[in-house]
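A short write-up of the structure that comes next.
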Amino acid sequence: MLKSDVMPSFEIEKIRKDFPILARQVHGKNLVYFDNAASAQKPKIVLDTLQNFYSQDYANVHRGVHYLSQISTDAFEKTRDALQVFIGAKHREEIIFTAGSTASINLVAQCFGEAFIGEGDEILVSGLEHHANLVPWQICAQKRKAVLRIMPMLATGELDMEKLPLLLTEKTKILAITATSNALGTITDLVNIIPLAHQVGAKVLVDGAQSIAHTKTDVQALDADFWVCSSHKLFGPTGVGVLYGKKDLLEAMPVYQSGGDMIKTVRYESSTYNELPHKFEAGTPNIADVIALGSALDYINNLDWHGAMAHEKTLHENLEKGLLGIQGLRIIGTAKHKAPLSSFVVEGVHNYDLGVLLDKMGIAIRTGHHCAEPIMDFFGVAGTARASLAFYNTQAEVDYFLESLKKAINMLR
Amino acid sequence: MLKSDVMPSFEIEKIRKDFPILARQVHGKNLVYFDNAASAQKPKIVLDTLQNFYSQDYANVHRGVHYLSQISTDAFEKTRDALQVFIGAKHREEIIFTAGSTASINLVAQCFGEAFIGEGDEILVSGLEHHANLVPWQICAQKRKAVLRIMPMLATGELDMEKLPLLLTEKTKILAITATSNALGTITDLVNIIPLAHQVGAKVLVDGAQSIAHTKTDVQALDADFWVCSSHKLFGPTGVGVLYGKKDLLEAMPVYQSGGDMIKTVRYESSTYNELPHKFEAGTPNIADVIALGSALDYINNLDWHGAMAHEKTLHENLEKGLLGIQGLRIIGTAKHKAPLSSFVVEGVHNYDLGVLLDKMGIAIRTGHHCAEPIMDFFGVAGTARASLAFYNTQAEVDYFLESLKKAINMLR
Amino acid sequence: MKDIQSIQEDFVQDFSLLEDWTQRYEYIIDLGKTLPKIDDLYKTDEYRIKGCQSQVWLHHRYENNILYFSADSDAIITKGLIALVIAVFNEQSPEAIAKAEVNFIAKIGLGEHLSPTRANGLNSMIQKIKHIAANHLA
Amino acid sequence: MKDIQSIQEDFVQDFSLLEDWTQRYEYIIDLGKTLPKIDDLYKTDEYRIKGCQSQVWLHHRYENNILYFSADSDAIITKGLIALVIAVFNEQSPEAIAKAEVNFIAKIGLGEHLSPTRANGLNSMIQKIKHIAANHLA
Ligand SMILES: Cc1ncc(COP(=O)(O)O)c(C=O)c1O
Ligand SMILES: Cc1ncc(COP(=O)(O)O)c(C=O)c1O
C-alpha cells in the first residue's frame, strides 16, 4: 500500500465531537452554525483549560513570588511563545496581548499615529475594511490633520490593483488592509501589495481577523509591519486580541494605556516605561483567556490542517454552486480567491426575513451590513445574508442550508 | 427561641467548598491564599457558567438575529442590569464594560480629558493611588498642558484632609481617588471628600478596585461622577472591567476606541457614533467573561454578606494583633479604617525573602511595591510584604500564617 | 371598535389554530403583505424607529381623543408583526393605550421578537406608541 | 581550579545530604551571608541586573584569559543563589564558561528560581555571565 492510501482523510465526525455546542438543538432542530466569521465555536480543550486553570492554578501574574503566581505567569507567557511560532514572529516580545482586533488596531492608529503621522501625511485604507480597520484611521487622520485615502475595489470585490501605484506616495505613512474581507470573503493579494507600500516607505497593518482561521500566517514572510487578530475567531475565548508589531516600530511608539506592569519607575514628577511586550500591556491582563487561547493553538497545531482546509474549501464550493442555482439570488463578492463564506441578497426579499426564517430551521447565519457599510454602499445593498463556514461544518449541513433557504424564499415571495 | 438565635452564623467551611482552588496543596502544604488584593479566587458557579455558556449557548452578540446570538446578547446585557443594581447606578447605560480597572481609568483620562481639561487646568490625584490611577493622569496632564497636583497623606497612611481645601480650586477639573488603597489598606473618606470637590466644580473618579470585594457600593449615594472596578478582584473572571459614569458626562465625552458596534453610520467622509453604552464598547466584547461576572454577582448577592464582612474583619483584627507581637515588624499603613489587608516590613529582612520562604510553607502573599512606588517612597521602604484576606479565609490560616512568618524571620536573621 | 384586550384575545385565538411555526410565520408574512402602506412622506428619519436590522416607520394622527397609527417596515416579518401591533392599538383612546398591557405577542409564540436586544425595532415601536399615548393624556 | 562541571556536581552532592526544603534554604541563606560583599562602587545602575523584586549587581574582571566575578543582592536568598552561581563560574576561562551547561540548580531542587518570569534576576545573571564570556572569546 502506498503511504497516501493509509493517510486518514479529514475525520469530520470525530472533529465535531471536539466542539460540544455542535451537538445542540435550536428550535427543535439540529444546530447548523454558519456564523463562523462573526465568531468561531470552542473545542472542549479550551473549556477544560479554563476550568482547570481557575480551579487549580489561578493567581495574578508577574511580580508574584508565590507558586500560583509563578505557574500562572509561566502558562500566560507560554501562549506568547506559541503565538510567536504560530504567526512566525521573529521575537516573542513582538506579540502584544490586547482585548481584541479592534483594540489592537486602535492601539496602532493612536500610537503609530502619534509617532509617525503628521499634518498633510496620508493614510491609505483599503476599500474592503471592517469598520474596526477604518474608523480608527478616520479618527487618526482627523487628529493628526492627515489625509485619508481609500483604495477602491472592483465589481468582483477585489481591490483595484491598477489604482494602487497612484495612491501610494511618499506621503503615505501607513496602509491598513485586511487579509480577508469579512463582508465578501475576498482574500487580498498581500504578497504583491505590501512590497509596493514598502517601496514608498509606508508601513502596512494587516487585519488578520478573518484570515487566521483559514490560512497559515507568516508575518515575516509577508513582511507585515503590524498584524492583528482576535482569539474568539480562532476557536479561543472572547476577550483576547493579538497585536504583532515589528520590534523597532513598537519601541519607537509612545505608550497606549498606562498603569501597573507597563512602568519601570513611577515618581510624581514623571514615570519611565517598561520594555516590550509589557510596555503595551497595562494592568492585569486577561490571564485565563490568554492561557486558554494557548490551548486553542494546541488544538489547531494538532489538527490535520491540510485536510481541514481542503474540507472547508470543498464545502464552500458546493455552497456557492447551490446558491448560484437559486433564482433571483445574487452573490455579493465574486473574487477569485475567497475565504469559505458567501454573502448574498435575494431579489425582493429582505435579508432580515431570511435570517429569521432560517433561524427557525436551526440555522445560524448573519444578516445586515457586517460592520462594513461602505462596502454595502458600493454594491448598492442595505445588507446581505452571510453564511460562513468552519472546518467543523459538513456537507449535510450545506445541503440542509440550501434546501432551507429555498423554503424560506418561497415563504417570503 | 428568638429569631436571631436560629440565624446561622457565617458558615465558613461551607463557603470554602464553593471555591475549588482552596482545596489544593502547594509544595505539599495546604494552600493559604492571602493574595486576594492582587486577585480573588472564583466560586464554582463562575466556572460552571463559562463551561455551560461555551458548550451550549455561545455566539457573538448584538446585531445577530439567530437564536444563539439572541440568548448570548440577553445574557450579556443581563450582567449590565445586575451591575446597575449592584453599584446603585441610575441608568443601565451608565455601565460600560472594559478590559479592567486600568482600561476604565485610561478611558476617562483620555476622553474626559479631551472634553473638559485644558491648558492650565488642574488634575488632583490622591497620594494613595495605584499606578493605574496615577500614570494616566500624568499623561493626561502632559497632553492637555494641565497641572498635576497630589493630595498628600499622613504618616498613618490616611489622606491629609486639612490640605484638601487648599488643593481644590476652581481650576480643578477632576479628583482621582481610590476608595481603598491596595498598598496600605486605607479606606478613604469619600463621603466627606466628594462634596468638597463638587463645591469647586471638580468631577470625581473613584477607583473601586480594592473596595468592591469588601464594601457595598452606592455610586448615587456617593455622588461619584466616575467609578471603576475589575471583575477579577470581585470573584469574577479576568479580562473584564467596569466603568460607571454619569450619563451626561459620558454623553459629552468623545469616543475612545472605535470599530464595530460603537458606530451608528459609517461613510468614508465621516462616521456617527452609537448611543450609550455601545458608544464606548467598540468591537466584540468579552462576552463569556461578562456573563460569568454576572454569576459572580449572583454568588455575592446570595451570600450572607453581613456575616462574611464580619468574619473577614475579625480575621484581620487577629492578623494585625499577631503581627504587632512580632519583634522588629512594622505595619505600613495604620489608618483607622482599613480593608482586611496588612502591609509590613521586618527589620533587617527583605520582603522578597519572606515571600519565598512563606511560599515554601504553602502561603501566597504579595511582596514588592504593589504598583504604588510613590507610597513606598513616602514610607522610605523599597517594598513591603502584604497579606490580604477574603471572606473565605479562616482563623486557622491566620494562625498558621503568623507562625510561619515567625519561622521565616528566624531563618533569615 | 373593540377594546384592546379583546383584540389581543382574538389574535391569541386565531394563532391557536395554527399548527406549527411555518403556519404562524406564513400568517405573519401575509399580514405584512396586507398592511396598508404608509405614505412615503413619512418614510423619513423623523418617523423612523431604532432597530438596526430592519427599519420601522411609524406615523400617528390624533383626532377627537382617538389615536390613528400607520406604520411600515422594509422587512416583511417585521411588517407583519407591526401590523399586529397596529391592529391592537389603532383607533383607541390615549387612556386605553396608556393603560393597556401588551401580552398577546408572547402568547402567540412570538415573544422572542420582543426582546429589547432584538434588532427589529418591535419593542421600540410599542414603547413609542405608549409614549405617544402618554403625551396625549389629559 | 576545579572545572565547572565538577563544581556543579559537588553542589549536587552537598545538597543531596540536606533532608528538606528548610535545610536547603538554610544552606542558601548561609551562603548568602558569607558571599563576600561587592565593592559599593559597583552597586550602581551600570552593574545592575533586571529583576524587579530583588536587585542584583554583578561585576567582572578579566585577566590572563580568566574571568573573575563578584556579585551582590539586597535579598539574602537571591544572594545565596548567586553565591552558588559565582562559585561555579568564578576564575574560569571564557571558553569554559561559554560552553558550560548550567544544570545543577534544577538538580538541587531550586529550579523554580530559574524561570525567566521569576522576578529575582537569577536567570538574567546567568545570561549575563554567558554573555560576558562570549565577549571575551577569541
Ligand atoms: C487600587 C487599584 N486600582 C487599580 C488597579 C488595577 O486593576 P487592574 O489591574 O485589574 O486593571 C488595582 C489592581 O491591583 C488596584 O489595586
Ligand atoms: C475583518 C475584521 N476585522 C476586525 C474585526 C473586529 O474584531 P473584534 O470584534 O474581535 O475586535 C472583525 C470582526 O468581525 C473582522 O471580521
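The values are calculated or read from the model by the stated rules, or taken from the named source; none is laboratory data. A quick note: this is a predicted structure, and the numbers were derived from the prediction, not measured. Cβ coordinates were reconstructed from backbone atoms using ideal geometry, including for glycine residues, and neighbour counts include every protein chain displayed.
Numerical summary
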| item | result |
| --- | --- |
| Meets criteria (under 26 Å from residue A:78 (Cβ atoms) and either more than 16 Å from ligand 2 (Cβ to nearest atom) or assigned to a strand (DSSP E or B) (or both)) for residue A:216 | yes |
| Verdict on residue A:178 being more than 16 Å from ligand 1 (Cβ to nearest atom) and away from chain B (no Cβ under 14 Å) | no |
| Selection from the stretch D:13-38 of residues that are more than 14 Å from chain B (Cβ to nearest Cβ) and in a helix (DSSP H, G or I) | D:13, D:14, D:15, D:16, D:34 |
| For residue B:337: the one exception among (1) within 24 Å of the chain's Cα centre (by Cα); (2) within 11 Å of chain A (Cβ to nearest Cβ) | (2) |
| Subset of the stretch A:383-413 (residues that are crowded, with 19+ Cβ neighbours inside 10 Å and in a loop (DSSP other than H, G, I, E, B)) | A:383, A:389, A:390, A:391, A:392, A:393 |
| Filter result (within 14 Å of chain B (Cβ to nearest Cβ) and among the hydroxyl-bearing types (Ser, Thr, Tyr)) within the stretch A:369-413 | A:384, A:388, A:392, A:404 |
| Any hit, the stretch A:109-121, residues being more than 9 Å from chain B (Cβ to nearest Cβ) and within 16 Å of ligand 1 (Cβ to nearest atom) | no |
| Inter-residue pairs, beta-carbon under 6 Å, first part of a helix (DSSP H, G or I) and in the stretch D:1-12, second of a type in the set (Lys, Arg), 6+ apart | D:12/D:107 |
| Residues located in the stretch C:70-107, provided they are part of a strand (DSSP E or B) and among the acidic types (Asp, Glu) | C:72 |
| Selection from the stretch B:138-155 of residues that are farther than 25 Å from residue B:379 by Cα and either among the small types (Gly, Ala, Ser) or without any contact (Cβ under 8 Å) to a residue 24 or more places away in the chain (or both) | B:141, B:142, B:146 |
| Condition met for residue A:121 (free of Cβ contacts under 8 Å to residues at least 60 places away in the same chain, acidic (Asp, Glu) and over 24 Å from residue B:256 (Cβ atoms)) | no |
| Output for the stretch C:71-102, where each listed residue is over 23 Å from residue C:15 (Cα atoms) and small (Gly, Ala, Ser) | C:93, C:96, C:98 |
| Helices (runs of 4 or more DSSP H) fully within the stretch B:1-93 counting 3 or more residues that are within 11 Å of chain A (Cβ to nearest Cβ) and not hydrophobic (A, V, I, L, M, F, W, C) | B:44-52, B:67-87 |
| Residue in the stretch B:347-367 that is farthest from ligand 2 (Cβ to nearest atom), counting only those that are in a strand (DSSP E or B) and touching a helix residue (DSSP H, G or I) at 6+ places or on another chain (Cβ under 7 Å) | B:349 |
| So residue B:260, is it free of Cβ contacts under 8 Å to residues at least 60 places away in the same chain, more than 16 Å from ligand 1 (Cβ to nearest atom), away from chain A (no Cβ under 14 Å) and among the small types (Gly, Ala, Ser) | no |
| Matching entry among B:219, B:242, B:204, B:200 (being more than 11 Å from chain A (Cβ to nearest Cβ) and within 13 Å of ligand 1 (Cβ to nearest atom)) | B:242 |
| Residue, surrounded by the fewest Cβ atoms within 10 Å (Cβ to Cβ), within the stretch B:226-239, restricted to residues that are more than 9 Å from chain A (Cβ to nearest Cβ) and in contact with a strand residue (DSSP E or B) (Cβ under 8 Å, 6 or more places away or on another chain) | B:226 |
| Of all residues in the stretch D:73-117 being basic (Lys, Arg) and surrounded by fewer than 20 Cβ atoms within 10 Å (Cβ to Cβ), the one that is modelled with the lowest pLDDT | D:107 |
| Per-region count, the stretch B:34-53, residues over 14 Å from residue B:17 (Cα atoms) and within 18 Å of the chain's Cα centre (by Cα) | 7 |
| Matching residues in the stretch B:77-96 - criterion: being closer than 14 Å to residue B:225 by Cβ and either surrounded by 21 or more Cβ atoms within 10 Å (Cβ to Cβ) or free of Cβ contacts under 8 Å to residues at least 12 places away in the same chain (or both) | B:87, B:89, B:94, B:96 |
| Exclusive hit being at positive phi, outside the structural domain of residue B:334 (by TED's automatic domain parsing) and within 22 Å of the chain's Cα centre (by Cα), set B:157, B:120 | B:157 |
| Verdict on residue A:348 being facing chain B (nearest Cβ under 9 Å) and on the phi > 0 side of the Ramachandran plot | no |
| Scope the stretch B:360-402; condition at pLDDT below 95 and more than 16 Å from ligand 1 (Cβ to nearest atom); matching residues | B:382 |
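Here's the yes/no breakdown for (1) within 16 Å of ligand 1 (Cβ to nearest atom); (2) not small (Gly, Ala, Ser):
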{"position": "B:66", "(1), (2)": "no, yes"}
{"position": "B:88", "(1), (2)": "no, no"}
{"position": "B:99", "(1), (2)": "yes, no"}
{"position": "B:104", "(1), (2)": "yes, no"}
{"position": "B:162", "(1), (2)": "no, yes"}
{"position": "B:171", "(1), (2)": "no, yes"}
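So that you can scan it fast, the table gives a plain yes or no per residue for (1) among the small types (Gly, Ala, Ser); (2) more than 16 Å from ligand 1 (Cβ to nearest atom); (3) under 19 Å from residue A:64 (Cβ atoms); (4) at pLDDT 95 or above:
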| position | (1), (2), (3), (4) |
| --- | --- |
| B:3 | no, yes, no, no |
| B:8 | no, yes, no, no |
| B:35 | no, no, yes, yes |
| B:57 | no, yes, no, yes |
| B:70 | no, yes, no, no |
